[in-house]
Each structure stands twice: as C-alpha cells, then as structure tokens.
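Here is the structure we will look at, set down as structure tokens.
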Amino acid sequence: MTEATEDPLQLSVSQLSVAGPKPNNEDCIGVRLPDGAALRFKGAVAAIADGVSSAEAGQEASHTAVQSFLCDYYSTPETWPVKTAAHRVLIALNRWLYNRSQQFSQQHKGYLCTLSVLIFRGHSAYCFHVGDSRIYRLRDGELEQLTQDHRLQVSETKSYLARALGMNLHLDVDFRQIDVRTGDCFLLSTDGLHEFVSEQTMLAVMSSDDAWEDKAQQLIDAAGDSDDNISCQLLRVDAMPAAERGD
C-alpha cells in the first residue's frame with residue numbers, strides 16, 4: 001500500500017558517471033529535486049543521456065540534452081500537464097540538435113544522443129525515452145525494465161541505434177506513466193553499464209542493506225569489463241505527498 005504523508009516527495013539519490021576505458025566521457029546525468037511550488041506542480045526529474053560517439057559531437061549533444069531539459073522543463077507553465085510540458089521541451093531539444101547537425105554537415109558532425117527521463121509528480125512517475133539507455137523499477141523484490149531499446153539488429157553480432165535525439169527532424173519518443181509507491185527504487189543506466197552488469201547483480205546491489213549513496217559506485221565497479229563510458233542513477237522513494245484529485 002502506498003504510504004502518503006503531508007510531507008513533500010522525498011527521494012534518496014545515488015548517481016555516478018565515469019569515462020571507463022575511453023579518453024572522454026560522452027555520457028551525462030542529472031537530477032533536480034526542487035522545493036515549494038516547483039516540486040508540487042512540476043515534480044522531481046532524473047535524466048541520463050549517452051552521446052553517440054560516431055557522430056563526433058555526441059558529448060555536446062548529451063550534455064545539452066540533460067542540462068537543457070532540467071532547466072527548460074521547469075520554465076514551462078505550471079498549468080501544463082507533465083506529458084505536455086516534457087514533450088514540448090523534447091521536441092525543441094531535438095529540433096535544436098538536428099539543426100545543429102545540418103549546420104556542420106560539411107564537417108560530418110552529428111549532434112546525436114540517447115535520452116531517458118524520469119519525472120516524479122504526485123503518485124505517478126512519467127518515463128520519456130529515446131535510444132538504448134534504460135530505466136528500471138525495483139518493487140517487491142522484482143526488477144522490471146520500463147523502457148525498450150531502440151536498436152536495429154542487422155546481423156548476429158551487429159546492431160545499430162535506430163532512434164536518437166537529433167537523428168531526425170521528427171522525434172518519436174516513448175512515453176509511459178506508472179504508479180509510484182513508497183519504497184519503490186529506480187535505476188537509470190547507459191549501455192556501458194547494463195550491457196556488462198546482469199539484472200541479478202543490479203537486483204542484489206539495489207536490495208542490499210548497504211548505504212544508498214554507495215550503490216552507484218558498486219554498480220560501476222560491477223561493470224569493470226565495460227568497453228564504454230559507464231553511468232547510472234539510483235533513486236529511492238522515501239516519502240510521498242498526500243494524494244490529490246489528479247492522482
């Protein structure tokens with residue numbers, strides 16, 4: 001049963017991003033947990049992006065996507081629903097990255113990245129996703145992948161990113177709204193982590209009695225064989241506000 005209180009939404013956060021064996025870190029992560037009216041009307045946001053290295057400007061794309069979303073989402077009108085506000089921001093971000101790539105077409109620079117966003121508001125969580133970064137939820141001892149990888153398998157050993165922010169002028173973003181309970185835990189990761197860490201290991205780390213702030217480092221350590229940048233964000237719902245009519 002969801003335990004609601006008069007207190008605002010409270011989250012415990014553990015996040016980390018490292019370059020791994022690569023010289024540059026093209027991943028980007030960010031969390032914003034505001035207070036007051038911003039928390040009530042807009043909620044809390046976690047975002048993770050993985051720049052497409054073959055696109056030359058992947059690092060700039062991922063940093064622009066995360067930082068701009070965390071800023072621009074909270075600049076939208078309070079009367080806009082979460083889905084409307086987030087989609088408007090994502091469409092604008094995608095258009096900016098796409099146009100930026102066209103300006104540098106002679107230099108073969110593409111501003112492409114994956115992006116997964118998780119917004120907590122009221123008694124719901126809203127997932128927005130494009131690419132092959134992931135969002136998981138742990139509830140009652142079961143780990144569930146909430147997103148689907150947008151990859152095209154062309155052979156037994158080769159696959160390509162089928163969707164990314166900045167890839168096309170039209171943005172096709174997955175959306176999902178789920179209920180949230182006190183005690184729910186969420187994991188956002190880039191492929192440098194989840195392709196090298198089993199779900200059993202994720203579950204073990206997230207379920208352990210170790211300090212929450214240490215868990216991101218534990219998952220990064222578990223991905224020691226990764227050949228890519230490694231990033232993850234872990235969020236635990238510690239308290240929820242009382243239900244409103246919208247919930």
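The values are calculated or read from the model by the stated rules, or taken from the named source; none is laboratory data. Computed from a prediction, not measured in an experiment: that's the story for all the values here. No Cβ is skipped: glycine too gets one built from the backbone with ideal geometry, and neighbour counts run over all protein chains shown. Surface accessibility is based on the protein's heavy atoms, side chains included, excluding ligands, DNA and RNA. Shrake-Rupley method; radii C 1.70, N 1.55, O 1.52, S 1.80 Å.
Keeping to pairs on different chains or 8 or more places apart, tell me how many lysine pairs in the chain have Cα atoms under 24 Å apart.
Number of lysine pairs found: 5.
Kindly state, to the nearest 0.05, the FRET efficiency for residue 92 paired with residue 209, given R0 = 30 Å and r defined as their beta-carbon distance.
For residue 92 and residue 209, the calculated efficiency is 0.10.
Under a no-solvent Debye model with one identical scatterer per Cα of the stretch 67-177, what's log10 I(q)/I(0) at q = 0.20 Å⁻¹?
-1.12
Take the alpha carbon gyration tensor of the chain, find the square roots of its eigenvalues, order them as a ≥ b ≥ c, and report rounded if a/c is under 1.5; if not, report prolate when a/b exceeds b/c, else oblate.
oblate
On the full set of protein chains, 1.4 Å probe, figure out the accessible area of residue 185 and give it in Å² to the nearest 10.
10
With r defined as the distance between the Cβ atoms of residue 19 and residue 182 and R0 fixed at 30 Å, what FRET efficiency is calculated, to the nearest 0.05? Could you put the intermediate results ahead of the total?
Numbers: r = 35 Å, r/R0 = 1.18.
Efficiency, rounded to the nearest 0.05: 0.25.
Once you have the Cα-Cα distance between residue 172 and residue 158, take 0.36 nm times their residue separation minus that, and quote the gain in nm to one decimal. If you can, show how the numbers build up before the last one.
On the way: separation 14, 0.36 × 14 = 5.04 nm, distance 2.30 nm.
Extra length available between residue 172 and residue 158 comes to 2.7 nm.
Classify the stretch 130-231 as rounded, prolate or oblate, taking a ≥ b ≥ c as the square roots of the eigenvalues of its Cα gyration tensor: rounded when a/c is under 1.5, otherwise prolate if a/b is larger than b/c and oblate if not.
oblate
With all protein chains present, calculate the accessible area of residue 129 using a 1.4 Å probe and round the result to the nearest 10 Å².
0
In nm, to one decimal, how far is the modelled label at residue 79 from the one at residue 12, with both set 7 Å along Cα→Cβ?
Going by the 7 Å Cα→Cβ label model, 4.1 nm.
Counting other C-beta atoms within 10 Å, and keeping those with at most 11, which DSSP coil trypsin sites (Lys or Arg not before Pro) do you find in the stretch 204-247?
Here the sparse-neighbourhood loop sites are 245.
Evaluate the charge dipole of the stretch 148-247 about its Cα centre and quote only its size in Debye, nearest 20, assuming +1 on the Cβ of each Lys and Arg and -1 on the Cβ of each Asp and Glu.
Its charge dipole is roughly 400 debye.
Note down the accessible area of residue 142, probe 1.4 Å, to the nearest 10 Å².
Its accessible surface works out to 140 Å², give or take rounding.
Given charges of +1 on the Cβ of Lys and Arg and -1 on the Cβ of Asp and Glu, with all other atoms neutral, how large is the dipole of the chain about its Cα centre, in debye to the nearest 20?
Charge dipole of the chain: 1100 debye, to the nearest 20.
With every protein chain kept in place and ligands, DNA and RNA left out, what is the accessible area per residue of the stretch 14-59? Probe 1.4 Å, answer in Å².
Solvent-accessible surface per residue comes out at 42 Å².
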